[in-house]
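Data first, discussion second: the structure below is written as structure tokens.
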Amino acid sequence: MKTEEFDFDLPEELIAQTPLKERTSSRLMVLDRKTGGIVHDRFSNIKTYLRPGDCLVLNNTKVMPARLYGEKTDTGAHVEILLLKQREGDEWETLAKPAKRIKPGSEIRFGRGELTAVCVGTTDFGGRILKFRYEGIFYEILEKLGEMPLPPYIKEKLGDQSRYQTVYAKEIGSAASPTAGLHFSEGLLAEIKEMGVHLAFLTLHVGLGTFRPVTAENIEDHKMHAEFYQFPEETAELLNRVREEGGRIISVGTTSTRTLETVASRHNGKFAPESGWTDIFIYPGYRFQAIDGLITNFHLPKSTLIMLVSAFAGKERIMNAYRTAVRERYRFFSFGDAMLII
């Protein structure tokens, strides 16, 4: 299947630069994946499409302040580091800018020296492996020195950093937010729970590779970066019970979907507690085993995310929905509007 088949024209002004004042006030496109029918609504009305006994599955990962600014200790040259994935101990896979300044053996100082790093290697995607040195707790130092890493298509500064976190963010470790969950407020989640809809949580620490456009001509040649997930016992038990009682499993976001499908594929369509790394790549032709519905945002052209939703709803229906979204002036990407596929 050709990557070009997932391209579409997107006016730049439809890329949302800032979040709306109220989390729940975004627009909601509801797509019937059986008929292709489309309904235009508001996210605050999401309860209309849920039933008692259903279960929403949410990714409770928390975005790290993963962007660091430092200088090389030998030359004083300024560098920018983006933390991507922890390897072993204090070694991290990172993106460096400008990368040519950071070679194996290069040392970088951050802040007033309370955090330093030495480059101990490179990655196959042009990144740098850094080993950090510090006294105290790494994440506390990171909170002090780091910045929230907004996607490159967002040009405006984010006034309230919490708006790039979900209200249920708990487990720190992501380089990017699971943005489908940004539409939920604590109040809306409470109302959903009161109507008899279950809430289940898992963790997948989001890497930037998830959001990058596919550059391979054929999508089958694309390789996903692995991401770490944790699937708790209580979530596995709840989802198995929901399935047995005839409820629907509705995934909030593509990250939750990838985790659910990873687990279900390893347990014959059922759920079991586990943790590990997943590089699952879902594109048309994939047979879903875990989910009955999906809440998601509007994604980049030629990205693995639009391929995933195309696998769930059908490529022609998704591409038609995206053309409709452009025509109806929906807001796209991280701070944009939402889609419910059911």
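The values are calculated or read from the model by the stated rules, or taken from the named source; none is laboratory data. None of these values were measured; they are calculated from a predicted model. All Cβ positions, even for glycine, are placed from backbone atoms using ideal geometry, and neighbour counts span all protein chains on display. To get the accessible areas, we keep the full protein, side chains included, count just its heavy atoms, and leave off ligands, DNA and RNA. Shrake-Rupley method; radii C 1.70, N 1.55, O 1.52, S 1.80 Å.
Close contacts from the range 66-85, counting a first residue that is in the same structural domain as Ile129 (by the TED database) and a second that is part of a loop (DSSP other than H, G, I, E, B) and polar (S, T, N, Q), with Cβ to Cβ under 7 Å and a gap of 6+ residues or different chains, come to Lys72/Ser106.
In the range 227-238, the count of residues that are touching a residue at least 24 places away in the same chain (Cβ under 8 Å) and within 14 Å of Phe281 (Cα to Cα) is one or more. Against the test of being open to solvent by 40 Å² or more (accessible area, probe 1.4 Å) and of a type in the set (Ser, Thr, Tyr), the options Tyr283, Tyr330 yield a single qualifying residue, Tyr283. For the range 96-117, residues that are part of a strand (DSSP E or B) and open to solvent by less than 30 Å² (accessible area, probe 1.4 Å) total 6.
To keep it simple, each residue is scored yes or no on (1) buried (at least 19 other Cβ atoms within 10 Å of the Cβ); (2) not charged (D, E, K, R).
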{"position": "His205", "(1), (2)": "yes, yes"}
{"position": "Thr215", "(1), (2)": "no, yes"}
{"position": "Asn218", "(1), (2)": "no, yes"}
{"position": "Glu227", "(1), (2)": "yes, no"}
{"position": "Arg243", "(1), (2)": "no, no"}
{"position": "Gly253", "(1), (2)": "yes, yes"}
{"position": "Thr259", "(1), (2)": "yes, yes"}
{"position": "Lys270", "(1), (2)": "no, no"}
{"position": "Pro273", "(1), (2)": "no, yes"}
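Scanning the range 68-78 finds no residues that are modelled with pLDDT of 95 or more and under 24 Å from Leu300 (Cα atoms). Exactly one residue among Ile295, Ile291 is within 24 Å of Pro52 (Cα to Cα) and touching a His at 6+ places or on another chain (Cβ under 9 Å), and that residue is Ile295. Among the numbered conditions (1) in contact (Cβ under 8 Å) with a residue 12 or more places away in the chain; (2) out of contact with any Gly (no Cβ under 9 Å at 6 or more places or on another chain); (3) farther than 18 Å from Leu115 by Cα, the only one that Lys34 does not meet is (1). Look at Arg258 and say whether it is in contact with a helix residue (DSSP H, G or I) (Cβ under 9 Å, 6 or more places away or on another chain), under 27 Å from Asp41 (Cα atoms) and either among the charged types (D, E, K, R) or assigned to a loop (DSSP other than H, G, I, E, B) (or both). It is true that Arg258 is in contact with a helix residue (DSSP H, G or I) (Cβ under 9 Å, 6 or more places away or on another chain), under 27 Å from Asp41 (Cα atoms) and either among the charged types (D, E, K, R) or assigned to a loop (DSSP other than H, G, I, E, B) (or both). Residues in the range 1-51 that are surrounded by fewer than 16 Cβ atoms within 10 Å (Cβ to Cβ) and among the basic types (Lys, Arg): Lys2, Lys21, Lys34, Arg42, Lys47, Arg51. Filtered by the rule that a residue be in contact with a Ser or Thr (Cβ under 9 Å, 6 or more places away or on another chain) and either open to solvent by 10 Å² or more (accessible area, probe 1.4 Å) or among the charged types (D, E, K, R) (or both), the range 229-241 gives Gln230, Pro232. Total residues in the range 333-342 satisfying the condition of being of a type in the set (Phe, Trp, Tyr) and either outside any loop (DSSP other than H, G, I, E, B) or surrounded by fewer than 23 Cβ atoms within 10 Å (Cβ to Cβ) (or both): the figure is 1.
Just one of the listed residues (Glu171, Glu147, Glu88, Glu93) is under 25 Å from the mean Cα position of the chain (by Cα) and open to solvent by 80 Å² or more (accessible area, probe 1.4 Å), and it is Glu88.
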